[in-house]
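The values are calculated or read from the model by the stated rules, or taken from the named source; none is laboratory data. The shown structure was predicted, so the numbers you read here are calculated from the model rather than taken from an experiment. A quick note on method: Cβ atoms are made from the backbone with ideal geometry, for glycine too, and the neighbour counts reach across all protein chains shown. Accessible surface areas use protein heavy atoms only, side chains included; no ligands, DNA or RNA. Shrake-Rupley method; radii C 1.70, N 1.55, O 1.52, S 1.80 Å.
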Amino acid sequence: METIKVNNSVFLIPPSQPKLQANCAKEYGQFLLDCPPKLTILEAQAGGYLKGNKADFAIAISRPDRALTINENFTNEPFTELWVIPVTGGLKDQFKGPASMLLCFLMHRRSKDNFAGLYNHFAHRAFQQWCEEGMPGDPKEFCYQAIASVLKNYIFCAEFQKVEGTLGTYWFIQWSYRNPQSDFEHDALVAAEMIRTGAESGATVHWVTVATCNYKSPNLQSSLFSARIICNYNFI
């Protein structure tokens, strides 16, 4: 079992890849962890797979969009991949005390677009700062450094929002960010940075296998970081 210890906090790198899902179907609107396929919401609840409709994360890695086929419902669709450490919500509460674990999940459609909207905000703010400081050096490098500091310093908040549309009810994840509010959340940010740095150096821990990395993504509007990562996904 691999762990990362930061001060009094401990973060688990699971021996096999956890299957975290954000189920946006009308009867769900919740996070599910390691849930077998095709369960009803009552069955998922009875099995302890439901992890609530809110969670706050320290983000270790955010990958840009890539087209994936998950099943017959999601064919060649763009997904955003996140590697996260939960610090609040049901995903965190499964561990007592200052402890959590690294999770990985995929977002698509409106949840993905909402998350990407934060990038637009950060990139716009960084470019404004570059202009105000006299346009020093390469604007891409300046913006990259400014945006990279966001992952080091902020907790990202995910909450399911309900939508009543012409095709019925569905959910999406609304994203926001905030300052860390406890020693544990500060420690989680440090652990996320350690994972990010380890990935950049080619470290390999269990399912976290990195072939090559290129964190300086040219498309700041679609990703904070770009990493070419080999993982064995089995999403249902």
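Laid out as a table, the results:
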| quantity | calculated |
| --- | --- |
| Debye log10 I(q)/I(0) for segment 111-159, one point scatterer per Cα, at q = 0.14 Å⁻¹ | -0.38 |
| Two-site label geometry, Glu27 and Asn120: point separation in nm, points 7 Å out along Cα→Cβ | 3.5 |
| Rounded accessible area of Lys162 (nearest 10 Å², 1.4 Å probe) | 120 |
| Theoretical FRET efficiency, 1/(1+(r/R0)^6), r = Cβ-Cβ of Asp93 and Lys152, R0 35 Å, to 0.05 | 0.90 |
| Amide H partners (placed H, <5 Å) of Gly52, local residues excluded | Phe31 |
| Under Karplus coefficients 6.51, -1.76 and 1.60, residue-wise ³J(HN,Hα) of segment 150-166 in Hz, glycine/proline x | 4, 5, 6, 10, 10, 8, 9, 10, 10, 9, 6, 10, 8, 10, 9, x, 5 |
| All lysines inside 16 Å of Lys140 as judged from Cα atoms, apart from same-chain residues fewer than 8 positions distant | Lys216 |
